[in-house]
Structure formats: C-alpha cells, structure tokens
Amino acid sequence: MKKALFIYSFFLISVTTFSQQEAEVIVNADLGQYNIDKHIYGHFSEHLGRCIYDGLWVGENSSIPNINGVRKDIIDALKHIKIPNLRWPGGCFADEYHWMDGIGARENRPKMVNTHWGGVVEDNSFGTHEFLNLCEALGTEPYICGNMGSGTVEEMSKWVEYITFDGESPMANLRKKNGREKPWKVQFWGVGNENWGCGGNMTAEGYAENYRRYATYTRDYGDNQLYKIAGGPNVDDYHWMTTMMKNIPHRMMKGVSLHNYAFTRRWEDKGDATGFSEDDYFSLLEHGSRMDNLIIRHSAIMDLYDPAKKIGLIVDEWGAWYNVEKNTNPGFLFQQNTLRDAILAGLVLNTFHKHADRVKMANIAQLVNVLQALFLTEGEKMLLTPTYHVFDMYKVHQDATMLPTVVKCGTYNRLNKKLDAISVSASKDKNGKVHISFVNIDPVNSIDIDCNIRGLIGGKLTSVNIITATNTDSHNTFDNPNIVHIEDYKGATYKNGVLTLKMPSKSLMTVELN
Ligand code: AHR
C-alpha cells in the first residue's frame, strides 16, 4: 500500500512539474558531424522596386555617402554581419535580363521596361561591373542568376567568358575595354530562375533538357570553377525535384534550388506586415515552419539519387511575403518588418542548421526595401530591421559545426493547430566556442529552460544576447529606428553543465559558452 502510494505520488509529481512554461534541452557538444555552411546566410538583390535603385545604388555623384555608387551605410552594415554571398539580378527579372545592356558607358546603356515589377524604366545603370565591384567591396561571393527563359545559350556562355576569362578572347577584350583588366572570380551560377513559372513556364523535363545545354557551354576558365545551380521546384513540387535528380547528370550540377515564402491566410490576401491579429501571427509562423517538412521531403528524393550528399539543396528565395504597404506601388513589394519577422528568421535559420547535411546555401528575399528586407531606406535615411538583427546575432553559427540538440517543450496552440513553443539550435566554432540559439514563439508566456550541455569540458558563460520587444508587431521606423535591437541578457546561469534561463515571450536569444 505504502509502495503504491509512493509510485502514485511520484507519477503525479513527474506529470505535474513539466508545464507549458518549461522546457528541457540537451545539447551534445561533442557529437557534431556537419558544418553549417556560411552560405546559408546569403542574401538576394533583384532589380525590383527600390532594392537596387534607391536601396543599394545611389550613384557616385549622390550626396548620400557611397562607395563607387553604393550606399556606404549598407556596405558597412553588411560587412558587420559577414555577408557570405549575394544573389543578383533576380528573381523573375533574371530571365528578362540581357547582360550586355548593362556594360560600357552608362549614358549609352539602353533603357528597358521592367515588365515583372511595376512596368518601370530600367536604365541599366547598375550592371555587371557595378555588381561585381560591390561584391569585392563587401568581401562577399557573387551568385549570378543567368537568363534561360528569354536568353540564349550563347548569351549565357559569353557572360561567363566576359567575367572570368583571363586571356585573349572577344569577351575578355570587351571587359578590358570597359575598364576591368583582370577577371573576377565567380563561383555560384544559377541557370535560370523559377523556370516552371516566370522563367519560361517550362515543364520539369523541358527544363532539365535545356539545363544540360546551358551547363555545357558555361565553362570553367582557368582556376575559376563554377558551382552550377539548377532551377528547382516551387515549394512542394516533388516531381520537379525528382526530374532534376534523374535527368541531369550529377557532374553537371552542384546544387538544386528551392523557393518557399511564408504568408498568412492565402496567396491572394497575404495579410499585413504590421497591425496583425494573433491568428495572423500564428498563421505566419505555422506557414513558415513548413520549411522543415519541405526540406525533409526534398532531401529524401535527393538522398535516393545522391546518397553521398554531393548535391546541395539551395534555398535561394525564402522569407515572409505580405500585402504591400498602403500607397506604395503594388509591383514594388515594399513591406515593413517586425519582431514577428525576426522570429520567423530565427525559426527558419534553426531549420537550415538542422539540415546542414543537405542545405548548403540560402538567400533571404530580399536585401533592401523588398519583402523581408534587412534594410529600409528613405532618401539619406537607412534603418536596420529586426531581421537584420537576427542575422547579426546568428552570424556566430557561420561555418561552425552543428551540434545535435533534443528539445522537450510545450506547444503554442491556435487555429486548431500546434507549434512547438521553442526552437533550439547549437554549434561549435573553430575556436571551440559553443553557441546556442533559442526562439520562444509564444507571444504571451515566458519559458523556463534547463539546457544540459553534454561533452563540454569546462566552459564558462561568456555572453547572452536577446532580441525582443513589447509587441509582436513592434518595428523600427525612421523616427524610431531602435525599437527592436540586440541587447545583453543577464538572467542566465551556467553551473555543472546546466544552462538555466528564463526566456521572455516572443524573443530570440543566443548564448555563448567558451
Ligand atoms: O522575390 C520576389 C520574386 O519571388 C522573385 O523575383 C521570384 O523568383 C519569386 O517568385
């Protein structure tokens, strides 16, 4: 009887002590296997709305401080977050872009209509030289997306020759005539964009067949080795992925891309970037969390045809997509950026870490003034969005070894669905520092976390950074640019291998143990 009572009370204690506001985590600090490729922290700049013009490019004669025509404030901020690569010129724009329109004296460059994005005039003042010089100034790797949809094999082949050939040839000579003696180095090369849609409305089979021709004539010159990326599926089009893996010889591609955006409600009414309801808050995060499942399913197909995991999954467009801000050009995709977007970014980056064995690169859309931007500009003013601060706080994970984690936590429930209340990811860098990033998506409840670090000898708590704010739609404005930012957090302890912290509602944290 006594024994039964003991067992009963033990059971009662163990079920009642774990509540929605608690979480247990294990980090295996000595069992890391995969590198978190720094290129998953990549960015995307398209000739769309005010991303290139007004956003990055102001021209050499602008009163706004610039380096060779590009805003200096943005260059400095991108260096600070160690931007690893930058994708350009699109997006849908890439398959309408004819690179020869964007070289030579600017005053002689032809003007074109940007039919995809607002029907505005594109004067081609930002072209190949301006982009590659920007990448050099940033110390980042260019990722060029070539035109398959409305271009030719010859045009793409000559673009590679123009940029990378070091010797005597018609394209190399033209480059020299335009002021650049030495070739640039370009590794990442996309063969078209969304060729199932804006890039030509092709079938998977038709695209794969074309890819083989384009890939044949985009050459490696000297020691410049192209990392060719096949245009991949739209969201959950598994037939497309299967066809790429089956019909393209693996020696001809290094990666296959995947595009997936998060929005609330439905595509026709994506919800607003600010002033949203709690249902919309949940809905956006629920939609964004599907990235995990998508990667699992696409990776399964890739594993079947490429078990050695030589081909990378390249998520070269991701982020939140809302209704455009009132009184802005609908073709410019301009939206504000709130704490909700920071939380989405943390969740998705944690997901990329988890799949470090297959996800080798990713590009959030887009860099400035478009979709889930890191920067908003207005004349000479520039602000850092909450999403920028996540890239800043998470940069410690670039090229670090992913550490396996196990999480037991409560759920955040809404709309008859459930999401894990916290998301966790950890890595160990080359100097042995362990970084653990936590996201608490619950908009109301703080969560007490006990995190056991296994396999770490010694180790001290050296810093804890936090991003949070009063409301889920708190955001930075030109009048108040610092509402959402990174702060030091003092409420954590690390003792006998256990990290203990109380995570405020709707917050992101990165802990460093050294
Ligand atoms: O990022 C905006 C657009 O979204 C891109 O141009 C296109 O590739 C995608 O549909």
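So is Met252 of a type in the set (A, V, I, L, M, F, W, C), more than 16 Å from the ligand (Cβ to nearest atom), assigned by TED's automatic domain parsing to the domain that holds Met202 and buried (at least 22 other Cβ atoms within 10 Å of the Cβ) or not? For Met252, the condition - of a type in the set (A, V, I, L, M, F, W, C), more than 16 Å from the ligand (Cβ to nearest atom), assigned by TED's automatic domain parsing to the domain that holds Met202 and buried (at least 22 other Cβ atoms within 10 Å of the Cβ) - is not met.
The rows are residues; the columns are (1) β-branched (Val, Ile, Thr); (2) free of Cβ contacts under 8 Å to residues at least 60 places away in the same chain; (3) touching a His at 6+ places or on another chain (Cβ under 8 Å); (4) within 16 Å of the ligand (Cβ to nearest atom).
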position	(1), (2), (3), (4)
Arg265	no, yes, no, no
Arg297	no, no, no, no
Lys309	no, yes, no, no
Ala320	no, yes, no, yes
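Looking at the stretch 253-306 only, could you name the residues that are closer than 23 Å to Met241 by Cα, of a type outside the set (A, V, I, L, M) and part of a helix (DSSP H, G or I)? Hits for the stretch 253-306 are His287, Gly288, Ser289, Arg290, Asp292, Asn293, Arg297, His298, Ser299, Asp303, Tyr305.
Suppose the filter is closer than 25 Å to Ala373 by Cα and either in contact with a Lys or Arg (Cβ under 9 Å, 6 or more places away or on another chain) or of a type in the set (Gly, Ala, Ser) (or both); does Ser446 pass it?
On the way: closer than 25 Å to Ala373 by Cα: no; either in contact with a Lys or Arg (Cβ under 9 Å, 6 or more places away or on another chain) or of a type in the set (Gly, Ala, Ser) (or both): yes.
No; evaluated as a whole, the condition is false for this residue.
Count of the stretch 182-202 residues, restricted to those that are among the charged types (D, E, K, R), away from the ligand (no atom under 13 Å from the Cβ) and either under 18 Å from Leu86 (Cβ atoms) or buried (at least 21 other Cβ atoms within 10 Å of the Cβ) (or both), is 1. Listed conditions (1) in a loop (DSSP other than H, G, I, E, B); (2) among the polar types (S, T, N, Q); (3) exposed (fewer than 14 other Cβ atoms within 10 Å of the Cβ) are all met by Thr216, apart from (1). Among the residues of the stretch 300-357, those identified as of a type in the set (A, V, I, L, M) and farther than 26 Å from Trp189 by Cβ are Ala300, Ala320, Val324, Leu339, Ala342, Ile343, Leu344, Ala345, Leu347.
Residue-level check: of (1) under 25 Å from Cys92 (Cβ atoms); (2) acidic (Asp, Glu); (3) buried (at least 19 other Cβ atoms within 10 Å of the Cβ); (4) away from the ligand (no atom under 16 Å from the Cβ), Glu205 misses just (3). Cβ-Cβ distances below 6 Å connect the following pairs, each with a first residue in the stretch 234-247 that is farther than 16 Å from Asn260 by Cα, a second residue that is of a type in the set (Phe, Trp, Tyr), and a separation of six or more residues or different chains: Met245/Tyr305. Determine whether the stretch 103-124 contains at least one residue that is aromatic (Phe, Trp, Tyr), assigned to a helix (DSSP H, G or I), in the same structural domain as Val70 (by TED's automatic domain parsing) and in contact (Cβ under 8 Å) with a residue 60 or more places away in the chain. Within the stretch 103-124, not a single residue is aromatic (Phe, Trp, Tyr), assigned to a helix (DSSP H, G or I), in the same structural domain as Val70 (by TED's automatic domain parsing) and in contact (Cβ under 8 Å) with a residue 60 or more places away in the chain.
On the given criteria, is Asp429 under 21 Å from the mean Cα position of the chain (by Cα) and outside the structural domain of Pro84 (by TED's automatic domain parsing)? Give the steps one after another, and end with the answer.
Values: under 21 Å from the mean Cα position of the chain (by Cα): yes; outside the structural domain of Pro84 (by TED's automatic domain parsing): yes.
Judged against the criteria, Asp429 is a match.
A quick yes/no check of all residues on (1) touching a residue at least 60 places away in the same chain (Cβ under 8 Å); (2) crowded, with 19+ Cβ neighbours inside 10 Å:
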| site | (1), (2) |
| --- | --- |
| Thr462 | no, no |
| Thr472 | yes, yes |
| Val498 | no, no |
| Asn514 | yes, no |
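The residues listed here are His129, His43, His47; of these, the one that is of a type outside the set (D, E, K, R), in contact with a helix residue (DSSP H, G or I) (Cβ under 9 Å, 6 or more places away or on another chain), in a helix (DSSP H, G or I) and buried (at least 17 other Cβ atoms within 10 Å of the Cβ) is His129.
The residues on offer are Thr377, Thr351, and the sole one that is assigned to a strand (DSSP E or B) and hydroxyl-bearing (Ser, Thr, Tyr) is Thr377.
The values are calculated or read from the model by the stated rules, or taken from the named source; none is laboratory data. Keep in mind the model is a prediction, meaning the values are calculated, not measured. Glycine gets a Cβ as well: all are built from the backbone with ideal geometry, and neighbour counts include every protein chain shown.
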